[in-house]
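Have a look at the structure below before the remarks.
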Amino acid sequence: MEYGDDEDDDDDETEDDDEDDLDLKATKLLFNSIGKYLGQEENIERFCLPLFTKAESDYALQHVIESFKKRPSMAQIYASYVAKFLRSPSVLDALLALLVDIELSDWQKMWILAALSQAEKHKDASVKIALDILQDASRHETLRAVAAIFVGRFGDHSRRHTLLGVYTASSSYMQSAIYFSLRKWPKAERLTAKNNWGSHGDLNRLLTQAMNKK
C-alpha cells in the first residue's frame, strides 16, 4: 500500500457523506412543499418516503402516521417507512392503535402488521390484537394469514396452543400460514406440528421440504 491511500479513502467517504446530506436536504425541501401542490401529494410522498427510509430519517414520521387514514393507497409505502422506527414506543403504540381502528381497511392493516412483524419481539397485548384479527371471520383471508404468522412468531405457548385450534377449522391457505409460523417455535412444538401438518396439501409439503434443508 502506498502512503496517502488512506487519506484518499477518507476524502471519498467525506464526499459521499456530503452528497448524502445534500440529497437529504433536497428531499426535505421537496417534502415541505407538499401542501403547495394539491393533487400531487401522493406523488411527492412516493418519491420522498423511500429516500427517507434509506436514510433512516424520521423527518416524515408524524406526517405518515397521521396520513394512514387519509391515503389507503399509500399503506405499503407508509408501512415500509415506519418499520424503521419500531424501537420507538410511541410509533409502536400508534401502529397498534391503527390496527384496531375501524376506519382502516383490511389492506391497510395487512401492511401495518407486516411492518410490526419486523420487530424483534412484542408484548402479549400486540399478539392479542393480531389474534383477534385472525379469529374474525369477516376479515379478508390475506390479513388473517398475516395475523396468524404474527401470532405464531411472537406469541407464547398459550397463543401457539390457540393456533392449533384455529388450524383445524381453517382453509388450506390459512393452514399453510399457520404452518409457516412454526419456524420460530420451540423445537419440540415445531417437530410435533411438522409431523401433524407437514403433508397437508402441496404448499405445506413445499414448506416442509424448505424447513428440512435448513
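Contour minus end-to-end for Gln76 and His157, with contour as 0.36 nm per residue of separation and end-to-end as the Cα-Cα distance? Mind dumping the intermediate values first?
Values: separation 81, 0.36 × 81 = 29.16 nm, distance 3.09 nm.
Length gained between Gln76 and His157: 26.1 nm.
Restricting to Cα atoms and excluding each atom paired with itself, what does the Kirkwood estimate give for segment 112-214 in Å? Walk me through the numbers on the way to the answer.
Values: mean 1/r = 0.0736 Å⁻¹.
This gives a value of 13.6 Å.
For segment 157-207, the square roots of the Cα gyration tensor eigenvalues, ordered a ≥ b ≥ c, give a/c of at least 1.5 with a/b no greater than b/c, which places it in the oblate category. You can think of it this way: the chain between Leu22 and Leu206 has 61.5 nm of extra reach, that is 0.36 nm per residue less the Cα-Cα gap. Listed peptides 119-125, 92-98 appear in the order 92-98, 119-125 once ranked by packing, highest mean of other Cβ atoms within 10 Å at the front. With a cut-off of 18 Å on the backbone N, the residues of segment 98-128 near the modelled label site 7 Å out from Ala169 along Cα-Cβ are 128.
Roughly how many debye, to the nearest 20, is the charge dipole of the chain about its Cα centre, given +1 on each Lys and Arg Cβ, -1 on each Asp and Glu Cβ, and no other charges? Walk me through the numbers before you get to the answer.
Values: 27 positive and 36 negative charges, 591 e Å.
About 2840 debye.
Distance between the C-alpha centres of segment 130-177 and segment 90-107: 18 Å, rounded to the whole angstrom. Each peptide in 70-77, 30-37 gets a packing score, the mean of other Cβ atoms within 10 Å over its residues, and the list from highest to lowest is 70-77, 30-37.
Treating r as the C-beta distance of Glu42 and Glu189 and R0 as 45 Å, the FRET efficiency rounds to 0.55. What separates the Cα centres of segment 65-82 and segment 21-64 is a distance of 13 Å. The packing ranking, built from the mean of other Cβ atoms within 10 Å per residue, places the peptides 147-153, 182-188 in the order 147-153, 182-188, highest first.
Take the Cβ-Cβ distance between Gln62 and Ser138 as r, set R0 to 35 Å, and report the resulting FRET efficiency rounded to the nearest 0.05. Walk me through the numbers before you get to the answer.
Working: r = 32 Å, r/R0 = 0.91.
That gives a FRET efficiency of 0.65.
Stretching Asn196 away from Glu103 to a fully extended chain increases their span by 29.6 nm, per 0.36 nm per residue minus the current alpha-carbon distance.
The computed Rg/Rh (Cα atoms, Kirkwood Rh) for the structure shown corresponds, within [x] 1.10; [y] 0.97; [z] 0.94, to [x].
Quick note: the coordinates plus some simple rules give every number you see, no bench work behind them. Predicted model only: the values in this text are computed from it and were never measured. Here Cβ is always computed from backbone atoms with ideal geometry, including for glycine, and neighbour counts include all displayed protein chains.
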